[in-house]
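Just below is one structure, and these are the notes that go with it.
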Amino acid sequence: MKPSNIEDAVKLLKSGQVVAFPTETVYGLGAVAFDALAVARIFEIKGRPHFDPLIVHVANAKLAFDLCQSRPSAASRLADAFWPGPLTLVLPKHPSIPDIVTAGLPSVAVRVPSHPVAQLLLAAVGVPLAAPSANRFGRVSPTTAAHVYSDLGTDVPLILDGGSCNTGIESTIVSLLRERPQLLRPGSVSLEDIQAIVGEVDSNTNSTERPQSPGQMRSHYAPRTRLEPLRGAAPPGNLERVGLLSMGPTSTSGYTAIEVLSEAGDLREAACNLFAALRRLDERHLDRIVCEFAPPHGLGNAINDRLWRGCQR
Ligand code: TXA
Ligand code: MG
């Protein structure tokens with residue numbers, strides 16, 4: 001990354017425009033969080049409904065807590081354990097944050113990304129950046145600059161290219177608005193890791209008709225091609241073009257395309273490859289894609305959450 005790229009990004013952001021940038025999870029589409037008009041542009045470009053609030057990104061924990069009205073001790077402990085990194089905390093919001101960012105909620109989601117380019121950008125711009133994943137609403141999140149370009153094209157004046165995201169699945173979202181911490185979205189930091197720091201956590205993220213985290217709607221992360229669980233799926237028909245998304249090595253045949261998420265069966269590697277593999281299959285003009293689910297522990301839960309939502313129509 002050339003320093004001039006960061007300078008260009010800062011100029012654009014300060015003049016009310018949006019910039020796409022890499023984080024360790026997925027690429028974000030950022031605007032200055034205090035600039036309501038610039039934030040409105042994010043919703044417009046993504047085609048995102050205004051009831052779905054954005055995560056505010058800052059360079060360090062102090063700046064994050066400056067945006068919150070209170071800081072329960074669990075927040076400090078989680079911040080010490082996982083920031084900078086792929087964890088988002090939901091806390092009571094400071095009045096300085098425009099309502100458009102939080103969709104009118106009295107809370108704000110804050111996160112300190114660890115990606116060096118995100119850190120450089122946040123330090124240089126000196127203000128918090130509101131940023132959702134840089135994809136069209138409901139679609140697969142981008143883990144490369146090329147993914148961002150293929151989704152949003154010239155609607156975004158600048159995409160900072162920081163290579164492939166190395167965790168590849170979105171941040172874990174934990175709400176600290178109630179006595180007991182609540183998992184709103186499983187993500188790169190596992191539930192087990194969160195529990196090790198704060199004890200019991202409410203983790204029923206599946207009631208999605210009126211989601212606690214409004215972006216956790218049932219149909220999300222969906223490729224254009226129909227996606228269905230391998231278990232229960234019909235085997236490929238004679239003239240049918242079917243893709244297989246497999247967690248590990250497989251000897252199955254009859255598929256037109258197969259993506260193996262991790263030859264070694266490693267969940268971190270599988271999470272990292274998930275969205276790019278889904279996109280590659282989506283580009284093959286298949287009749288349908290069948291997906292194998294991950295073992296339901298650790299990062300497997302986050303992978304399965306994305307796959308399950310991708311399967312909903
Ligand atoms: O890894 C990530 O978190 C990426 C990178 C770019 O940081 N961002 C991301 O943003 O995934 P997005 O907009 O795709 O997902 C944000 C989620 C949505 O489900 C939204 O509803 C939830 O965060 N959210 C934001 N503010 C909230 C709040 N105040 N209360 C509950 N959920 C909130
Ligand atoms: Mg998203």
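What percent of all Cα-Cα pairs in the stretch 1-94 falls into each 10 Å bin, going from 0 up to the bin containing the maximum distance?
Histogram of Cα-Cα distances, whole percents per bin: 13, 42, 35, 10.
Mind ordering 271-278, 41-48, 73-80 by average Cβ neighbours within 10 Å, highest first?
Going by the mean number of other Cβ atoms within 10 Å, highest first, we get 271-278, 41-48, 73-80.
Multiply the residue separation of Asn166 and Glu192 by 0.36 nm, subtract the distance between their alpha-carbon atoms, and state the gained length in nm to one decimal.
Between Asn166 and Glu192, full extension yields an extra 7.3 nm.
Run the dipole for the chain about the Cα centre, Lys and Arg Cβ at +1, Asp and Glu Cβ at -1, nothing else charged, and hand back the magnitude in debye, nearest 20.
For this selection, approximately 520 debye.
Sorted from fewest to most neighbouring beta carbons within 10 Å, what does the list Lys14, Lys2 look like?
If I rank by nearby Cβ atoms, fewest first, I get Lys2, Lys14.
Among Val19, Val156, rank each residue by its count of other Cβ atoms within 10 Å, from fewest to most, as a rough exposure measure.
Val156, Val19
Tell me, what HN-Hα J-couplings in whole Hz come from the Karplus equation 6.51 cos²θ - 1.76 cosθ + 1.60 at θ = phi - 60° for each residue of the stretch 46-56, using x for Gly and Pro?
3J(HN,Hα) across the stretch 46-56, in whole Hz: 6, x, 9, x, 5, 7, 9, x, 9, 8, 9.
What's the angle, to the nearest 10 degrees (0 to 90), between helix 299-311's Cα axis and the longest principal axis of the chain?
Rounded to the nearest ten degrees, it is 70.
Can you work out the base-10 log of I(q)/I(0) for the stretch 60-209 at q = 0.09, 0.19 1/Å, using the Debye formula on its C-alpha atoms alone?
Cα-only, vacuum Debye calculation for the stretch 60-209: -0.30, -1.34.
Order the peptides 101-113, 233-245 from the highest to the lowest mean number of other Cβ atoms within 10 Å of their residues.
Top to bottom by mean Cβ count within 10 Å: 101-113, 233-245.
When 1/r is averaged over all different Cα pairs and the result inverted, which Kirkwood radius in Å belongs to the chain?
For the chain, inverting the mean 1/r across all distinct Cα pairs yields 19.7 Å.
Give the whole-number value, in cubic angstrom per residue, of the convex hull volume spanned by the C-alpha atoms of the stretch 227-311.
About 81 Å³ per residue, rounded to a whole number.
In the neighborhood of Ala130, defined by Cβ-to-Cβ distances under 14 Å, what is the net charge if each Lys or Arg adds +1 and each Asp or Glu adds -1?
Residues near Ala130 contribute +1 overall.
Over the chain, how many pairs of lysines fall under 26 Å by alpha carbon, counting only those 8 or more apart in sequence or from different chains?
Taking the Cα cut-off of 26 Å, the pair count is 9.
Rounding to the nearest 10 and keeping the result within 0 to 90°, find how far the Cα-based axis of helix 116-125 lies from the longest principal axis of the chain.
30 degrees
For the stretch 58-112 and the stretch 253-313, compute the distance between their C-alpha centroids and round to whole Å.
Cα centroid to Cα centroid, the span is 31 Å.
Using 0.36 nm times the number of residues separating Glu263 and Met1, minus their current alpha carbon distance, what extension gain do you get?
Answer, rounded to one decimal: 91.2 nm.
If R₀ is 30 angstrom, what is the calculated FRET efficiency for the pair Glu283 and Lys14, using the beta carbon separation as r and rounding to 0.05?
Efficiency computed from Cβ-Cβ geometry: 0.25.
From the helices alone, meaning DSSP H stretches of at least four residues, give me the mean residue ellipticity at 222 nm for the chain, per-run term -39500 (n - 2.57), in deg cm²/dmol to the nearest 500.
Counting only the DSSP helices, I get -9000 deg cm²/dmol.
Consider a paramagnetic label point 7 Å from the Cα of Arg226 along Cα→Cβ; state which residues of the stretch 241-285 have an amide N under 13 Å from it.
241-243
Assigning unit charges at the beta carbon (Lys, Arg +1; Asp, Glu -1) and nothing else, what dipole magnitude in debye, to the nearest 20, does the stretch 72-222 show about its Cα centre?
About 220 debye.
Quick note: the coordinates plus some simple rules give every number you see, no bench work behind them. Keep in mind it's a predicted model, so treat the numbers as computed, not measured. Backbone-built Cβ (ideal geometry, glycine too); neighbour counts: all protein chains shown.
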